[in-house]
1. Take the residues in region A:8-35 that are farther than 15 Å from A:Ala197 by Cβ, under 22 Å from the mean Cα position of the chain (by Cα) and in a strand (DSSP E or B), then tell me which one is modelled with the lowest pLDDT.
2. Does A:Arg327 satisfy being free of Cβ contacts under 8 Å to residues at least 60 places away in the same chain and of a type in the set (D, E, K, R)?
3. Are there strands (runs of 3 or more DSSP E) fully within region A:206-304 with at least 1 residues that are within 21 Å of A:Gly115 (Cα to Cα)? List them.
4. Can you say whether A:His264 is more than 30 Å from A:Ala143 (Cβ to Cβ) and in contact (Cβ under 8 Å) with a residue 12 or more places away in the chain, as far as the supplied structure shows?
5. The conditions are (1) within 14 Å of chain B (Cβ to nearest Cβ); (2) surrounded by fewer than 18 Cβ atoms within 10 Å (Cβ to Cβ); (3) more than 17 Å from the chain's Cα centre (by Cα), and A:Thr133 fails exactly one of them. Which is it?
6. Kindly establish whether A:Thr140 is within 26 Å of A:Ala292 (Cα to Cα), β-branched (Val, Ile, Thr) and in contact (Cβ under 8 Å) with a residue 40 or more places away in the chain.
7. Among the residues of region A:143-160, what is the count of those that are assigned to a loop (DSSP other than H, G, I, E, B), in contact (Cβ under 8 Å) with a residue 40 or more places away in the chain and out of contact with any strand residue (DSSP E or B) (no Cβ under 6 Å at 6 or more places or on another chain)?
8. Name the single residue, out of those in region A:178-205 being of a type in the set (Asp, Glu) and not in a strand (DSSP E or B), that is nearest to the other protein chains (Cβ to nearest Cβ).
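The values are calculated or read from the model by the stated rules, or taken from the named source; none is laboratory data. Here the structure is a predicted model, which means the values were calculated and not measured. Ideal geometry is used to build each Cβ from the backbone, glycine not excepted, and the neighbour counts take in all protein chains shown.
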Amino acid sequence: MTLALRAATPQPPAESRVRRGAGGTAYDVPTDPGSRSWRALGTYVHLGVADATVADEAAALAAAVLSEVDVACSRFRQDSDLVRANQAGGHWVSVSPILIGAVRVALRAAHSTDGLVDPTLGELMVAAGYDRTFSQLPSTVEAHALPVPVAGAWSDVRIDGDRVRVPHGVALDLGATGKAYAADLVALTIVERLGVAVVVSVGGDVRAHAPAGAAVTWPVDLAPDLRAWSDNDPEVCRVSLTAGGLATSSVTARRWVRAGSAWHHVLDPRTGRPAQTPWLSVTAYGDCAADANTATTAALVLGADAPEWLARHGVAARLLAADGSVRRTPTWPTDLEESRT
Amino acid sequence: MTAMHALTGVVAAATVASTGAITGLAAADTAQQQALKAQAKAAAAQQTVAEVVDRTYRTVVSESVTTAAATGGSLSPSPKPKTSASRTTTVAKPVAAPKPVAAPKPVVAPKPAAPKPAPKPAPVVSSGS
(Lines give C-alpha, C1' and ligand atoms only; values in the text may rest on other atoms or scores of the structure.)
Protein backbone atom coordinates (compact mmCIF):
# COMPACT_ATOMS: atom_id res chain seq x y z
CA MET A 1 0.00 0.00 0.00
CA THR A 2 2.59 2.52 1.04
CA LEU A 3 4.83 1.55 -1.81
CA ALA A 4 2.01 2.00 -4.29
CA LEU A 5 1.37 5.47 -2.95
CA ARG A 6 5.02 6.41 -3.29
CA ALA A 7 5.17 5.11 -6.81
CA ALA A 8 2.18 7.19 -7.85
CA THR A 9 3.25 10.37 -6.13
CA PRO A 10 5.58 12.71 -7.91
CA GLN A 11 9.04 12.34 -6.56
CA PRO A 12 10.41 15.24 -4.53
CA PRO A 13 12.75 17.48 -6.45
CA ALA A 14 16.29 16.24 -6.41
CA GLU A 15 18.74 18.48 -4.66
CA SER A 16 21.18 20.27 -6.85
CA ARG A 17 24.24 18.13 -7.26
CA VAL A 18 26.80 17.07 -9.79
CA ARG A 19 26.41 13.72 -11.46
CA ARG A 20 29.05 12.19 -13.67
CA GLY A 21 27.76 10.42 -16.74
CA ALA A 22 29.26 8.09 -19.27
CA GLY A 23 32.32 9.57 -20.89
CA GLY A 24 33.16 11.64 -17.85
CA THR A 25 30.79 14.52 -18.56
CA ALA A 26 29.72 16.11 -15.27
CA TYR A 27 26.07 17.15 -15.26
CA ASP A 28 24.63 19.64 -12.83
CA VAL A 29 21.27 18.35 -11.67
CA PRO A 30 19.08 21.28 -10.66
CA THR A 31 15.94 21.07 -8.56
CA ASP A 32 13.90 19.87 -11.53
CA PRO A 33 14.68 16.15 -11.81
CA GLY A 34 14.13 16.26 -15.58
CA SER A 35 16.84 18.86 -16.11
CA ARG A 36 20.58 18.70 -16.60
CA SER A 37 23.18 21.34 -17.42
CA TRP A 38 26.84 21.22 -18.36
CA ARG A 39 29.30 22.88 -20.71
CA ALA A 40 30.14 21.87 -24.26
CA LEU A 41 31.23 23.58 -27.48
CA GLY A 42 32.70 26.35 -25.33
CA THR A 43 29.33 27.35 -23.92
CA TYR A 44 26.54 26.24 -21.62
CA VAL A 45 24.04 23.47 -22.27
CA HIS A 46 20.64 23.26 -20.58
CA LEU A 47 18.56 20.15 -21.16
CA GLY A 48 15.06 19.26 -20.01
CA VAL A 49 13.06 16.09 -20.67
CA ALA A 50 9.45 15.34 -19.82
CA ASP A 51 10.28 12.01 -18.19
CA ALA A 52 12.83 12.41 -15.41
CA THR A 53 13.57 8.70 -15.41
CA VAL A 54 15.38 9.04 -18.73
CA ALA A 55 17.11 12.32 -17.92
CA ASP A 56 20.52 10.72 -17.43
CA GLU A 57 20.20 8.72 -20.63
CA ALA A 58 19.09 11.83 -22.51
CA ALA A 59 22.00 13.85 -21.13
CA ALA A 60 24.48 11.17 -22.16
CA LEU A 61 22.98 11.05 -25.64
CA ALA A 62 23.12 14.83 -25.92
CA ALA A 63 26.73 14.91 -24.76
CA ALA A 64 27.63 12.32 -27.40
CA VAL A 65 25.96 14.35 -30.14
CA LEU A 66 27.69 17.55 -29.04
CA SER A 67 31.04 15.77 -28.93
CA GLU A 68 30.53 14.67 -32.52
CA VAL A 69 29.64 18.22 -33.53
CA ASP A 70 32.84 19.46 -31.89
CA VAL A 71 35.02 16.93 -33.68
CA ALA A 72 33.40 17.71 -37.02
CA CYS A 73 32.78 21.45 -36.90
CA SER A 74 35.27 23.13 -34.54
CA ARG A 75 37.73 25.55 -36.09
CA PHE A 76 39.82 25.32 -32.92
CA ARG A 77 40.74 21.65 -33.28
CA GLN A 78 43.40 20.73 -35.79
CA ASP A 79 41.83 17.27 -36.12
CA SER A 80 38.36 18.52 -37.00
CA ASP A 81 36.80 17.91 -40.38
CA LEU A 82 36.22 21.63 -40.74
CA VAL A 83 39.91 22.44 -40.35
CA ARG A 84 40.81 19.77 -42.91
CA ALA A 85 38.31 21.21 -45.37
CA ASN A 86 39.59 24.75 -44.81
CA GLN A 87 43.23 23.70 -45.23
CA ALA A 88 42.44 22.01 -48.54
CA GLY A 89 40.91 25.18 -49.98
CA GLY A 90 39.81 24.69 -53.56
CA HIS A 91 39.87 20.88 -53.32
CA TRP A 92 37.20 18.33 -52.49
CA VAL A 93 37.45 16.74 -49.04
CA SER A 94 35.38 13.87 -47.68
CA VAL A 95 33.97 14.75 -44.28
CA SER A 96 31.52 13.41 -41.72
CA PRO A 97 27.77 13.65 -42.30
CA ILE A 98 27.63 15.94 -39.26
CA LEU A 99 29.76 18.55 -41.03
CA ILE A 100 27.86 18.12 -44.28
CA GLY A 101 24.67 18.96 -42.39
CA ALA A 102 26.31 21.93 -40.66
CA VAL A 103 27.51 23.36 -43.97
CA ARG A 104 24.07 22.89 -45.50
CA VAL A 105 22.55 24.84 -42.59
CA ALA A 106 25.16 27.60 -42.93
CA LEU A 107 24.54 27.92 -46.67
CA ARG A 108 20.79 27.97 -46.12
CA ALA A 109 21.30 30.82 -43.64
CA ALA A 110 23.45 32.73 -46.09
CA HIS A 111 20.98 32.22 -48.92
CA SER A 112 17.92 33.24 -46.92
CA THR A 113 19.62 36.43 -45.68
CA ASP A 114 21.32 37.38 -48.95
CA GLY A 115 24.67 36.83 -47.31
CA LEU A 116 24.10 38.78 -44.09
CA VAL A 117 24.88 35.55 -42.23
CA ASP A 118 28.09 34.58 -43.99
CA PRO A 119 29.92 31.35 -43.07
CA THR A 120 33.08 32.27 -45.02
CA LEU A 121 34.49 34.82 -42.57
CA GLY A 122 36.87 32.39 -40.88
CA GLU A 123 40.07 34.08 -42.10
CA LEU A 124 38.76 37.45 -40.99
CA MET A 125 37.80 36.13 -37.57
CA VAL A 126 41.29 34.70 -37.05
CA ALA A 127 42.97 37.93 -38.21
CA ALA A 128 40.71 39.84 -35.84
CA GLY A 129 42.19 37.81 -32.99
CA TYR A 130 39.48 35.22 -32.38
CA ASP A 131 41.80 32.33 -33.19
CA ARG A 132 41.20 30.00 -30.26
CA THR A 133 38.33 28.92 -28.06
CA PHE A 134 37.02 32.07 -26.46
CA SER A 135 37.80 31.14 -22.86
CA GLN A 136 41.51 31.09 -23.82
CA LEU A 137 41.40 34.39 -25.69
CA PRO A 138 43.27 37.26 -24.00
CA SER A 139 41.21 40.38 -23.40
CA THR A 140 43.52 42.32 -25.72
CA VAL A 141 44.88 40.79 -28.92
CA GLU A 142 47.56 41.80 -31.41
CA ALA A 143 46.47 43.70 -34.49
CA HIS A 144 47.21 41.73 -37.64
CA ALA A 145 46.28 42.91 -41.11
CA LEU A 146 42.61 42.27 -41.79
CA PRO A 147 41.64 40.56 -45.03
CA VAL A 148 38.88 42.11 -47.06
CA PRO A 149 35.79 39.86 -47.07
CA VAL A 150 35.15 38.22 -50.43
CA ALA A 151 31.58 39.19 -51.22
CA GLY A 152 29.45 36.18 -52.02
CA ALA A 153 32.22 33.65 -51.44
CA TRP A 154 29.70 31.49 -49.60
CA SER A 155 27.92 30.82 -52.89
CA ASP A 156 31.05 29.06 -54.15
CA VAL A 157 31.06 26.51 -51.32
CA ARG A 158 30.10 23.17 -52.84
CA ILE A 159 28.72 19.92 -51.42
CA ASP A 160 28.63 16.63 -53.28
CA GLY A 161 27.51 13.63 -51.28
CA ASP A 162 29.92 13.30 -48.39
CA ARG A 163 32.41 15.77 -49.86
CA VAL A 164 32.76 19.50 -49.42
CA ARG A 165 34.83 22.05 -51.27
CA VAL A 166 35.74 25.36 -49.65
CA PRO A 167 36.81 28.06 -52.13
CA HIS A 168 40.49 28.86 -52.15
CA GLY A 169 41.35 31.92 -50.08
CA VAL A 170 38.48 31.74 -47.60
CA ALA A 171 37.76 29.63 -44.53
CA LEU A 172 34.48 28.40 -43.18
CA ASP A 173 33.50 29.51 -39.69
CA LEU A 174 30.29 27.88 -38.51
CA GLY A 175 30.14 29.89 -35.29
CA ALA A 176 26.93 31.66 -36.28
CA THR A 177 24.74 28.64 -36.93
CA GLY A 178 26.76 25.78 -35.46
CA LYS A 179 25.33 25.81 -31.94
CA ALA A 180 21.78 26.09 -33.23
CA TYR A 181 22.35 23.17 -35.58
CA ALA A 182 23.73 21.23 -32.61
CA ALA A 183 20.60 22.00 -30.58
CA ASP A 184 18.44 20.73 -33.41
CA LEU A 185 20.49 17.54 -33.67
CA VAL A 186 20.24 16.92 -29.93
CA ALA A 187 16.47 17.43 -29.73
CA LEU A 188 15.70 15.33 -32.79
CA THR A 189 17.99 12.53 -31.66
CA ILE A 190 16.48 12.35 -28.18
CA VAL A 191 12.94 12.19 -29.54
CA GLU A 192 13.96 9.55 -32.07
CA ARG A 193 15.85 7.39 -29.57
CA LEU A 194 13.95 7.91 -26.32
CA GLY A 195 10.48 8.97 -27.48
CA VAL A 196 10.23 11.74 -24.92
CA ALA A 197 9.54 15.47 -25.16
CA VAL A 198 12.71 17.54 -24.86
CA VAL A 199 14.01 21.07 -24.75
CA VAL A 200 17.67 21.96 -25.11
CA SER A 201 19.60 25.19 -25.10
CA VAL A 202 23.10 25.19 -26.54
CA GLY A 203 24.53 28.56 -25.67
CA GLY A 204 21.14 30.22 -26.02
CA ASP A 205 20.01 28.47 -29.18
CA VAL A 206 16.95 26.54 -28.03
CA ARG A 207 15.06 23.68 -29.65
CA ALA A 208 11.92 22.01 -28.30
CA HIS A 209 10.64 18.81 -29.87
CA ALA A 210 8.27 16.01 -28.89
CA PRO A 211 6.72 12.84 -30.21
CA ALA A 212 3.30 13.30 -31.80
CA GLY A 213 0.67 14.09 -29.17
CA ALA A 214 3.18 14.50 -26.35
CA ALA A 215 4.09 18.16 -26.62
CA VAL A 216 5.20 20.00 -23.50
CA THR A 217 5.35 23.75 -23.00
CA TRP A 218 8.69 24.80 -21.59
CA PRO A 219 9.65 28.06 -19.88
CA VAL A 220 12.56 29.88 -21.47
CA ASP A 221 14.35 32.81 -19.86
CA LEU A 222 15.59 35.49 -22.27
CA ALA A 223 18.69 37.46 -21.34
CA PRO A 224 21.36 39.45 -23.19
CA ASP A 225 23.98 37.17 -21.68
CA LEU A 226 24.41 34.61 -18.93
CA ARG A 227 25.66 37.20 -16.42
CA ALA A 228 22.45 39.20 -16.80
CA TRP A 229 20.46 36.02 -16.24
CA SER A 230 22.49 35.06 -13.16
CA ASP A 231 22.11 38.55 -11.72
CA ASN A 232 18.39 38.54 -12.51
CA ASP A 233 18.73 41.86 -14.31
CA PRO A 234 15.48 43.69 -15.03
CA GLU A 235 15.69 43.09 -18.77
CA VAL A 236 15.42 39.33 -18.24
CA CYS A 237 11.99 37.98 -19.09
CA ARG A 238 10.36 34.59 -19.52
CA VAL A 239 8.52 33.19 -22.52
CA SER A 240 7.34 29.73 -23.43
CA LEU A 241 8.20 27.32 -26.18
CA THR A 242 6.31 24.19 -27.16
CA ALA A 243 7.83 23.25 -30.50
CA GLY A 244 10.45 24.61 -32.83
CA GLY A 245 13.30 26.97 -32.16
CA LEU A 246 14.08 30.08 -30.19
CA ALA A 247 17.39 31.89 -30.28
CA THR A 248 19.04 34.94 -28.80
CA SER A 249 22.05 36.67 -30.30
CA SER A 250 23.87 39.38 -28.43
CA VAL A 251 26.81 41.73 -28.71
CA THR A 252 27.45 41.76 -24.96
CA ALA A 253 29.17 38.37 -24.93
CA ARG A 254 32.42 37.28 -26.61
CA ARG A 255 33.99 40.71 -26.71
CA TRP A 256 37.68 41.57 -26.87
CA VAL A 257 39.95 44.52 -27.63
CA ARG A 258 41.95 44.70 -30.84
CA ALA A 259 44.20 47.67 -31.60
CA GLY A 260 42.41 49.72 -28.99
CA SER A 261 38.97 49.02 -30.44
CA ALA A 262 36.24 46.86 -28.97
CA TRP A 263 35.36 43.84 -31.09
CA HIS A 264 32.61 41.30 -30.77
CA HIS A 265 31.94 38.05 -32.57
CA VAL A 266 29.12 39.19 -34.84
CA LEU A 267 30.89 40.48 -37.95
CA ASP A 268 29.22 42.43 -40.71
CA PRO A 269 30.25 40.70 -43.95
CA ARG A 270 29.68 43.96 -45.83
CA THR A 271 32.39 45.78 -43.89
CA GLY A 272 34.50 43.06 -42.31
CA ARG A 273 34.09 44.75 -38.96
CA PRO A 274 31.94 44.08 -35.90
CA ALA A 275 28.30 44.83 -36.64
CA GLN A 276 27.31 48.35 -35.63
CA THR A 277 23.96 47.81 -34.05
CA PRO A 278 21.65 49.59 -31.62
CA TRP A 279 20.56 46.24 -30.19
CA LEU A 280 22.10 44.58 -27.17
CA SER A 281 20.35 41.37 -28.08
CA VAL A 282 17.73 40.00 -30.44
CA THR A 283 15.51 36.98 -29.76
CA ALA A 284 13.44 35.21 -32.40
CA TYR A 285 11.25 32.17 -32.86
CA GLY A 286 11.75 29.83 -35.82
CA ASP A 287 10.75 26.44 -37.15
CA CYS A 288 14.02 25.17 -35.74
CA ALA A 289 16.88 26.62 -33.71
CA ALA A 290 18.97 27.21 -36.82
CA ASP A 291 16.24 29.28 -38.47
CA ALA A 292 15.75 31.30 -35.28
CA ASN A 293 19.48 31.93 -34.99
CA THR A 294 19.71 32.95 -38.63
CA ALA A 295 17.11 35.64 -38.01
CA THR A 296 18.75 36.98 -34.84
CA THR A 297 22.23 37.10 -36.36
CA ALA A 298 20.93 38.88 -39.46
CA ALA A 299 19.07 41.34 -37.24
CA LEU A 300 22.23 42.29 -35.35
CA VAL A 301 24.05 42.84 -38.65
CA LEU A 302 21.19 44.92 -40.07
CA GLY A 303 21.07 47.17 -37.02
CA ALA A 304 18.40 49.85 -37.24
CA ASP A 305 16.84 48.19 -40.28
CA ALA A 306 16.27 44.94 -38.41
CA PRO A 307 12.67 45.42 -37.18
CA GLU A 308 11.38 46.12 -40.66
CA TRP A 309 13.36 43.20 -42.15
CA LEU A 310 12.15 40.79 -39.48
CA ALA A 311 8.54 41.89 -39.88
CA ARG A 312 8.76 41.57 -43.66
CA HIS A 313 9.96 37.99 -43.26
CA GLY A 314 7.23 37.18 -40.73
CA VAL A 315 9.69 36.52 -37.93
CA ALA A 316 8.42 36.78 -34.35
CA ALA A 317 11.23 38.73 -32.69
CA ARG A 318 12.01 40.82 -29.65
CA LEU A 319 14.82 43.37 -29.84
CA LEU A 320 16.42 44.79 -26.70
CA ALA A 321 18.09 48.15 -27.31
CA ALA A 322 21.12 49.49 -25.51
CA ASP A 323 18.93 52.02 -23.67
CA GLY A 324 16.78 49.20 -22.26
CA SER A 325 13.82 49.79 -24.55
CA VAL A 326 12.23 46.82 -26.30
CA ARG A 327 10.90 46.52 -29.85
CA ARG A 328 8.72 43.61 -30.88
CA THR A 329 7.64 42.51 -34.33
CA PRO A 330 3.88 42.18 -34.95
CA THR A 331 3.97 38.38 -34.68
CA TRP A 332 5.79 38.27 -31.33
CA PRO A 333 3.47 36.60 -28.78
CA THR A 334 3.35 39.39 -26.23
CA ASP A 335 0.71 37.54 -24.22
CA LEU A 336 3.21 34.76 -23.47
CA GLU A 337 5.86 37.14 -22.20
CA GLU A 338 6.14 37.55 -18.46
CA SER A 339 8.63 38.87 -15.99
CA ARG A 340 10.92 36.30 -14.46
CA THR A 341 9.65 35.41 -11.03
CA MET B 1 22.13 3.57 -25.47
CA THR B 2 21.26 1.82 -28.65
CA ALA B 3 23.81 0.70 -31.15
CA MET B 4 25.75 3.37 -32.93
CA HIS B 5 25.37 3.93 -36.59
CA ALA B 6 28.41 3.51 -38.70
CA LEU B 7 28.97 5.48 -41.84
CA THR B 8 31.97 4.93 -43.99
CA GLY B 9 33.61 7.68 -45.89
CA VAL B 10 36.75 8.25 -47.82
CA VAL B 11 38.93 10.98 -46.51
CA ALA B 12 41.51 12.91 -48.40
CA ALA B 13 44.37 13.01 -45.97
CA ALA B 14 45.68 16.47 -45.31
CA THR B 15 49.19 15.31 -44.78
CA VAL B 16 51.81 17.52 -46.27
CA ALA B 17 55.19 16.06 -47.10
CA SER B 18 58.11 17.72 -45.49
CA THR B 19 59.83 20.15 -47.76
CA GLY B 20 62.90 20.24 -45.60
CA ALA B 21 64.06 16.73 -46.40
CA ILE B 22 66.31 17.60 -49.22
CA THR B 23 69.68 16.26 -48.26
CA GLY B 24 73.04 15.79 -49.81
CA LEU B 25 72.89 18.98 -51.77
CA ALA B 26 74.68 21.27 -49.41
CA ALA B 27 77.51 21.80 -51.81
CA ALA B 28 75.33 22.14 -54.89
CA ASP B 29 74.86 25.47 -56.51
CA THR B 30 72.00 27.66 -55.30
CA ALA B 31 70.01 27.48 -58.51
CA GLN B 32 69.90 23.69 -58.37
CA GLN B 33 68.83 23.79 -54.73
CA GLN B 34 66.01 26.13 -55.48
CA ALA B 35 64.85 24.00 -58.36
CA LEU B 36 64.78 20.90 -56.18
CA LYS B 37 62.95 22.72 -53.42
CA ALA B 38 60.37 23.92 -55.89
CA GLN B 39 59.89 20.36 -57.11
CA ALA B 40 59.47 19.14 -53.52
CA LYS B 41 56.86 21.77 -52.80
CA ALA B 42 54.94 20.90 -55.92
CA ALA B 43 55.06 17.23 -54.98
CA ALA B 44 53.82 18.00 -51.48
CA ALA B 45 50.94 20.04 -52.82
CA GLN B 46 50.01 17.22 -55.17
CA GLN B 47 50.14 14.72 -52.32
CA THR B 48 47.71 16.82 -50.32
CA VAL B 49 44.94 16.04 -52.75
CA ALA B 50 46.13 12.69 -54.08
CA GLU B 51 46.60 10.67 -50.91
CA VAL B 52 43.43 8.91 -49.89
CA VAL B 53 42.79 6.87 -46.78
CA ASP B 54 39.74 5.10 -45.44
CA ARG B 55 38.03 6.45 -42.37
CA THR B 56 34.94 5.13 -40.67
CA TYR B 57 32.58 7.68 -39.20
CA ARG B 58 30.69 6.39 -36.21
CA THR B 59 27.84 8.58 -35.12
CA VAL B 60 24.95 8.47 -32.69
CA VAL B 61 23.02 10.74 -35.05
CA SER B 62 20.88 8.95 -37.59
CA GLU B 63 20.78 9.92 -41.23
CA SER B 64 17.14 10.99 -40.91
CA VAL B 65 18.00 13.32 -38.03
CA THR B 66 20.93 14.85 -39.90
CA THR B 67 18.73 15.40 -42.94
CA ALA B 68 15.94 16.92 -40.87
CA ALA B 69 18.30 19.24 -39.01
CA ALA B 70 20.02 20.33 -42.20
CA THR B 71 16.73 21.22 -43.87
CA GLY B 72 15.03 22.86 -40.90
CA GLY B 73 12.43 20.15 -40.59
CA SER B 74 11.29 17.64 -38.03
CA LEU B 75 11.28 13.88 -37.97
CA SER B 76 8.55 12.26 -39.99
CA PRO B 77 6.69 10.16 -39.14
CA SER B 78 6.90 11.02 -35.48
CA PRO B 79 7.83 8.14 -33.24
CA LYS B 80 5.26 6.74 -30.88
CA PRO B 81 5.25 8.63 -27.61
CA LYS B 82 6.82 6.85 -24.71
CA THR B 83 5.42 9.12 -22.02
CA SER B 84 2.22 10.92 -21.16
CA ALA B 85 1.25 14.05 -23.03
CA SER B 86 2.19 16.36 -20.24
CA ARG B 87 4.56 16.13 -17.36
CA THR B 88 1.96 17.76 -15.16
CA THR B 89 -0.62 15.01 -15.56
CA THR B 90 0.75 12.55 -13.02
CA VAL B 91 -2.16 11.34 -10.94
CA ALA B 92 -2.10 9.09 -7.94
CA LYS B 93 -3.90 5.78 -8.40
CA PRO B 94 -6.82 5.33 -6.04
CA VAL B 95 -5.78 3.32 -3.07
CA ALA B 96 -7.92 0.32 -2.29
CA ALA B 97 -9.25 0.10 1.23
CA PRO B 98 -7.69 -2.65 3.30
CA LYS B 99 -10.09 -5.40 4.19
CA PRO B 100 -10.92 -5.80 7.87
CA VAL B 101 -9.55 -9.02 9.30
CA ALA B 102 -11.95 -10.38 11.92
CA ALA B 103 -12.03 -7.10 13.69
CA PRO B 104 -14.99 -6.07 15.81
CA LYS B 105 -14.81 -2.52 14.52
CA PRO B 106 -14.91 -1.67 10.85
CA VAL B 107 -11.67 -0.31 9.58
CA VAL B 108 -11.96 3.01 7.89
CA ALA B 109 -10.45 2.94 4.48
CA PRO B 110 -7.63 5.42 4.11
CA LYS B 111 -8.32 8.20 1.70
CA PRO B 112 -6.29 8.22 -1.44
CA ALA B 113 -3.55 10.73 -1.04
CA ALA B 114 -4.09 13.85 -3.09
CA PRO B 115 -1.47 14.03 -5.78
CA LYS B 116 1.11 16.68 -5.26
CA PRO B 117 1.58 18.96 -8.20
CA ALA B 118 4.47 17.93 -10.37
CA PRO B 119 7.48 20.23 -10.16
CA LYS B 120 7.44 22.96 -12.75
CA PRO B 121 10.00 22.43 -15.46
CA ALA B 122 13.14 24.39 -14.83
CA PRO B 123 13.57 27.14 -17.40
CA VAL B 124 16.25 26.86 -20.00
CA VAL B 125 18.09 30.02 -20.91
CA SER B 126 18.27 31.75 -24.24
CA SER B 127 21.01 34.33 -24.08
CA GLY B 128 23.92 35.56 -26.06
CA SER B 129 26.94 33.42 -25.33
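1. A:Val29
2. When the stated conditions are applied, A:Arg327 passes them.
3. Fully inside region A:206-304 and qualifying: A:244-250, A:261-264, A:279-286.
4. No; evaluated as a whole, the condition is false for this residue.
5. (3)
6. No.
7. Of the residues in that region, 6 qualify.
8. The qualifying residue nearest to the other protein chains (Cβ to nearest Cβ) is A:Asp184.
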